[in-house]
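Some notes on the structure that comes next.
Just so it is clear, none of the values below were taken in a lab; they were calculated from the coordinates. As the structure is a computational prediction, the values presented were derived from the model and not from experiment. Using ideal geometry, Cβ is built from the backbone for each residue, glycine included, and neighbour counts are taken over all protein chains shown.
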Amino acid sequence: MKLPIRLIGAAAFVAALSGLLIALSGPAGDGPAPAALVAQEQANQANPAEQELPPGIKPRTPTGQTAEEAIAAHMVASEGPEQPIPFSHRFHSQELAMQCEYCHGGTESSVIAVIPPVELCMGCHRIVGAQLEPIQRLRGYWERGEPVQWERIYKTPDFVQFPHRAHIRSQVECEECHGKVEDMDRVYMFASLKMGWCLECHWAEGEDTDVATDRLLTEQFPPPPTPEGRQPHGLYPRAIDQEYASSRGPIDCTACHY
Amino acid sequence: MKDGDRHMNGDGGKLPTVTGENGAFFETSRRDFLKVLGVAGAGAAATSCGPPDMGDKLIPYLVPPEDIVPGTNVAYATLLKNGGPEHLGLYANVRDGRVIKLEGNPRFPNRGRLSALAQSALQDLYDPDRIQGPRKLDANGFVEADWDEAVAAVAGVSAPGRTVLLTGSVTGSAAEFYAQWAEAIGAEWVAWEPLGLEALSTAYEIAFGIPGIPSYEINRADRIVSFGADFLGSWLAPVEFAARFADARNIESGHHAKFTHVGPRLSLTGLNADEWISVRPGTEGIVALAVASEVARRKGGGAAARLEGILSRFTPAAVAEIAGVEPARIEHLAEELASANQPVVLPPDISGQGAGSTEAHLAVALLNQVCGAIGTTVRPGAGPTRGASASAATMRNLVERMASGTIDTMIVAGANPVYGLPNSLGFAEAFAGIANRVSLGSHLDETAAASNWLLPANHELESWGDAEIRPDVWAVCQPVMRPIFDTRQAEDVLLSIATATGRASFEVEDWKGWLEADWRTNYEQEAPSQAPFDEFWFALLQAGAVRRKPAQPDPAATLSPAAANYQFTLPAQESGLSLTTYATAQLYDGRGANRSWMQELPDAVSKAVWNSWVEIHPATAEPLGLETGDLVEVRTSAGSVTAPAFLYKGIRPDTIAIPLGQGHTQFGRNAQGRGVNALDLLDGTVDGRSGALAFAGASVEITAVGRRGKLAIMQGNDTDLDREIGELMRVDDALEAIGGHRVDLRQILENAWDSDPKSPYRWAMSIDLNACTGCGACVTACYAENNIPAVGEDLCAQGRELSWMQIMRYFEETEDDGFQTVHVPVLCQHCGDAPCEPVCPVYAAYHTPEGLNAQVYNRCVGTRYCANNCPYKVRRFNWFTYEHPYPLNLQLNPDVTVRETGVMEKCTFCVQRINRAKLDAKAEGRHVQDGDFQTACMQGCPTQAIVFGNLKDPESQVSRISKGARAYHMLGELNTRPAITYLAGVSHARLSQSGHDEHGEDNGAAGEHDSAAEAGH
């Protein structure tokens, strides 16, 4: 289920990486542009739909939706709560091809998902869309100095400590947990966030990529050997012990509950 | 957003139906219900006087602070000036604009550690009983006022010559500012510190012509003698001294300075002494002279000759009877001091501060001189800088002027004299008689409650400022968060008042401008060729402290003729009971009384919480039929108090002791109406030379009231009944055994059922009982880090306290009928073979692959079998859901679940820090290395007694220490295989039992002697 996306992600990453290497292999100083970059630019101008994107950027397919349509779609959407400002992820992510991290920057280094500050919205909306009523309401928030109180969709209970940065760094795609946000007029709850759902990924048999906690590094620095012949005392979690190192992410309770 | 006030249960099933968006009824999950509730209830009014409950909302910044990622901790360097006796440089960990934890700044003399009282400064900042905005007094009490109105009103009544500004003692820019402000307004500035060091400073001025506090380089000493100073708990610089003390007694480096305590009672510091010479309160000075006389006689030389006149009168025989000590003990002490290379002698503190306190300090200074300590381990003028402080005599003078009607207005900032001065000085009455009483305090303490204008100042952690730590070390403090309430910087309030009077004008707009201008001027004078000031200032704010050239070079200290010919007086022989009062590490002078963490931190001596007590020797208590907990009435000429008795063999039979700090009539919900104010018993006697208040020496009478009081004592048994819970070794045995090996760690490391063989980590800890002084900083750090609630007096008395770490205090008898004390921090041992794990029916207590004994709160159903099975009794149960009233809930650590009723909890080895360190290390593609992070207790300990790390790493500090010769496992014979290795304490005393034999036992291998252990000794 998740594996195909993982491989696609990996392939895309490898492709992007090689693209980066090609780009970096040009000369550093002034002078005529290297042949590789010139060829890329010519290709871009020739066919925008097939242009090569910079590394780490995912392709988007704009549908030609207008801003007014996006606002209307948000108002009548069937799933998800209505937000104080009818923000459409579909419009911003698809039409405008904005990346998740542009607004939700900082998520890769924080335990929480960073909700964009109003200042970031105003970066464009000081000028853009000034004729639209919701944008005027947004500017009202800015001028009053009042942050927008968005309706929260994804919330784990207080006894769960969910670190976003661990998942971003393990190259879990945003869509895996949040669904195809770029198709959403309103953000709705795509995943149940129940523990069983989390374990679907954490329990799965997998490669020992650097997703698994410490497994790869453990092979380089093995701990001291254990003598044979010891009997278990009590109800020790043998199954978890055996599968700890081969799991994709930590399935130890204290990885999330502390 | 993890709000500590709201507790979400697990998904316990479906909730009643609610109407959906489209008008249809449908069954919802809890989440959807709360979503709808959130939308509907967005505008719901708050029930408490705090921010509205934000529920399920995502609220971003409007303009985010640069470079700070929300959800991460940012550390700001700042300084706590009024956190206790010493200036403490610290890092404030700020999360999303709220400071949640304080940690020490290594650049300072406190070496990156803090005291328990300093850790609890967060509770002071987030105190719900703080004054939340300007107030004025009218017929109905305090009502809200406007800042402009308040400033204008105060300015209007600040007539020149009839106004007094009363502050705490300050150094640095604040001192300059107050002086200039007072001059500009025409007011008088009085700086008063309740437990001031005037007597010490005066004595050194007489002796060496160098006023100020000397430095005590205890770490360089090979023999330490204290005449009562509680330097590990509440005197002068306890965190710094604790670190130095541990250095002097670091047995593995081959030396261990013997420490003798001379005084009427054993304080926290006294309990750490190897030897106690018991003398009557008030006679410390003459005993010091007797010791000096013997040392001079043995050493001979110039010092002996110069002081011949004084010392010949004060022989051991002459003072023995008055002091109540045998001459042989004085002679023996003198012998050891004379033969020591680098002795250091510490003076008395307030518990020995009687009517002749300057003389006592001078006597100790002479003793240092005779021992050769002056200029080496005791350096006059080089100690922590203390601002000028009015003595009690000066305050009495002020009270007389207040009562005489010459003062119309008194502005009090950073002082609580209505509480902190004894009634006998009459401050409270005189203050009430002043027409305009203005308080700039941030708390509604006794002085504020007696005022008619409240202009609350920012808390220290919300303030700008600076201080001179030592003559050559200066520090700045910066606000670490926005003011929580409608308060302002105290100096800004004063500036506004001054400007409003029209009699003063200042070049700067505000205090921050003043501070920067002051520093800029000094910087450009002292370092003209260095980097531009703005760069320097920014770097200074990040670093916290800077070393400046001292004003004058360290002057060579020579004994003045005045000191050499001083006419010491031999006090009269006293009989009957004497009183001594003392400051505790938790409450100090009373400023810690509204902090529940400090009320709940058991006192090091009595292990009592939330109350006052009277320390009485059992021999004195028995004829009165008193047991611990019985109420006793204590009467002096000045007044009487009634408090429960605490029978203690660490006090003289002719002395009783009562701690300061309780007995507040205002100040907040935790402080009010609790305990007794021992100052009520003082009659206001002051020392003639320095004017210092006599805290000790008053004659008392005690009577049994005939009823039992309530005294919750958190120590079950005073001895460990030879169960080897707290171990002490003789110093000779310890020195011989260095390099030996007593505990085999393979019982943990090679236990396949302990940690996953593929995991590179097995977390473990070592606690050095030789270094642990029992101060409790670790306990408070744990409270702050892990959202542990304070439960209150009644629940503590029932044994339902929630402290994850407790310091057990065990007495061990010595051959000379004395006793030694060992302080043992007890916390979850994270046993490799934990008895608590197999008995949990729901698998909430289990063993992690890294060796932690984990507790999963959401699984726990509250059977409590795990606590039943734990032999160490370190598991704590939440019998109730405890409140964290706003704004105390802002202090809660978002990385740690806040537990509710029915859930078991215990030390987790700061698993949140472990997980964070693992994520950080993984981001860099490596394992967690030794030193990447510390547990909260390790980080808080002033003596670095606690070491935490990875036992699977043979090079880690914890691995190396756990293999030491003093190592043992607590209750190891039960084969629980604990991950905490204790290192036995070391004492110079002759302990009654033989202690541990050097071979030791590998407690984990069921009695087999390990060949490695035997070979290693």
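Numbers below:
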quantity	calculated
Label-point separation in nm, B:Glu813 to B:Lys873, each point 7 Å along Cα→Cβ	2.3
Whole-angstrom gap from the stretch B:447-490 to the stretch B:141-155, using each part's C-alpha centre	19
Residue-averaged beta-carbon neighbours from other chains (10 angstrom radius) around B:907-915	3
Chain B: C-alpha gyration tensor shape, a/c 1.5 cut-off, then a/b vs b/c	oblate
Extent along principal axes [Cα atoms of the stretch B:557-630; Å; largest to smallest]	50, 37, 15
Chain B, helix-only ellipticity at 222 nm - DSSP H runs n ≥ 4, -39,500 (n - 2.57), divided by all residues, nearest 500	-7500 deg cm²/dmol
Unit charges on C-beta of K, R, D, E only; dipole of the protein assembly as shown, Debye	740
Spin-label zone in the stretch A:127-146 - amide nitrogen under 17 Å from a point set 7 Å from the Cα of A:Leu96 along the C-beta vector	A:127-142
Order of B:Tyr865, B:Tyr216 - criterion: other Cβ atoms within 10 Å of each residue's Cβ, fewest first	B:Tyr865, B:Tyr216
Residue (of B:Gly862, B:Leu425, B:Thr642) at the positive-pole extreme of chain B, dipole from beta-carbon charges	B:Gly862
Three-way shape call for the stretch B:257-401 based on the alpha-carbon gyration tensor, with the a/c threshold at 1.5	prolate
Distance between modelled label sites at B:Trp147 and B:Arg548, nm, 7 Å Cα→Cβ extension	2.9
Value of relative contact order over the stretch B:822-870, rounded to a whole percent, pairs C-alpha under 8 Å and six or more apart	38
Inter-label distance for B:Ser253 and A:Trp197, nm, one decimal - labels placed 7 Å from Cα along Cα-to-Cβ	5.7
Calculated FRET value between B:Asn717 and B:Glu750, using beta carbons and R₀ = 30 Å, to 0.05	0.30
Of B:Lys81/B:Lys710; B:Lys649/B:Lys710; B:Lys258/B:Lys299; B:Lys299/B:Lys549, those spanning more than 26 Å from alpha-carbon to alpha-carbon	B:Lys81/B:Lys710; B:Lys299/B:Lys549
For chain B, size of Cβ-based charge dipole, Lys and Arg +1, Asp and Glu -1, in debye	680
Principal axis box of the protein assembly as shown, alpha-carbon based, largest edge first, Å	107, 86, 73
In sequence order, calculated HN-Hα J values of the stretch B:421-432 (Karplus, 6.51, -1.76, 1.60; Hz; x Gly/Pro)	9, x, 3, 5, 7, x, 5, 4, 5, 5, 5, 5
Unsatisfied cross-links (Cα-Cα over 19 Å) in the set B:Lys906/B:Lys952; A:Lys155/B:Lys906; B:Lys101/B:Lys607; B:Lys57/B:Lys918; B:Lys918/B:Lys952	B:Lys906/B:Lys952; A:Lys155/B:Lys906; B:Lys101/B:Lys607; B:Lys57/B:Lys918
Residues in the stretch B:648-674 reached by a label modelled at B:Phe485 [backbone nitrogen below 19 Å; 7 Å Cα→Cβ]	B:664-673
Modelled label reach - B:Phe880, point 7 Å along Cα→Cβ, the stretch B:568-597 residues with backbone N closer than 16 Å	B:596-597
